[in-house]
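Step one of this worksheet: look at the structure below.
Laboratory data are not the source of any read-out in this text; all were calculated from the coordinates shown. On a predicted model such as this, the values are computed, not experimentally measured, just so you know. Cβ sites come from the backbone with ideal geometry, for glycine too, and all protein chains shown count toward neighbours.
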Amino acid sequence: MRAGADVLLRWGRVDQALELAHPKGSRENVVEAWRDYAEALVRAGRVDDALGVLGPHLRGGRVMGPLVDMTEGQGCDERVLELPAPIAEEFRRDPIEDRGPGRAAQSPEVSPWLVFSAVGERRNSGRTVPHIVRDMVDQRSVDVGGVRLAYQVSGPSDVPPLVLLHALGEDATDWETVVPVLARSRRVYALDLRGHGRSDWPGDYSLELMLADVLRFLNTLGLGQVELIGHSMGGIVAYMLAEDHPQRVSRLVLEDVPIPRPREQTTPTRPDGDLTFDWEMVLAIRRQIDMPDPRWLERLSEITAETLVVAGGPRSHVPQDGIAELARRIPGGHTVTIPVGHLIHRAAPEAFLEAISAFLLTEQERRPCPPTKDAQ
């Protein structure tokens, strides 16, 4: 039966193939039955064919989450970066389900790639088509011991790796204002930590588990020693990694990260509406930040990575004297203050990048170029 369905697919008779493979049940069940087949097509690099299989059966022209997930980590045609907005507008006015069976993959006016831009309408309201498409191209995911971590990667493959860890309630997209510059000289990996964004929300949360996830991420991708930037909660995970595995971190940047001392415990109020993170994760992590393990403070002196602590100044809610102490406790740690508040890389990306870029320069990059013969 599966072989016969394959033949029908090659002939472009998608509906008949689906009916042969799964003759009973609703249209939704048919799509479910063929999800594995579409995933295999994606793994084989035949993304357009996978869209041809499922595309005609997507409601309102919107991509099902699982279909988007199965494209993560796959190579994409360069033309996807150059889709003109007018074509996307036409696609939105004339969704896939109105085109008739099979036409999503055959229409010369609207590429099947535009199916992926539709997902941006539910995740990135108001963003331009190029931004949405770049999100789809850059998104990847990896299994780290039973938890799937989503991440974005950019930059050349033959330069030092730089890992970015976001704050509580954020995700990899929070770094969008600074990644393009960082990626000029670094291979940048921006993660969604567990319970955030497109990564798994497993229901089991702690800073130690996040640390273990990041370490498994490095091991799975074969990243040996890395440069590490962490903002707020991500900075806690970053310095914990530098404490436990000093050989894995060459340079460490901590952006407005609180010193691990007990503070008054409060219970945050859940925001209204849908969240891009698991609220149970917020409660679990806040409890740890309010009552940190004393060893985190004691072991700051064991960090061997060259460390830059970036403080947000008096406009930040994080006590600045604690940030100064954090830098003092790390051997060779030094501080720069950019007085714009807690969200430094978003509020002042140019100043943040200037400080970071100077810090991340290697000894070879810092060394002045030898004079040319003409100059001599």
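Tabulated values for the structure
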item	result
Ordering of 162-169, 311-318 by packing [mean C-beta count within 10 Å, highest first]	162-169, 311-318
Two-decimal ratio, region 144-365, of alpha-carbon radius of gyration to 2.2 N^0.38 Å	0.94
Order by protection proxy (mean Cβ within 10 Å, highest first), peptides 247-259, 264-276, 194-206	247-259, 194-206, 264-276
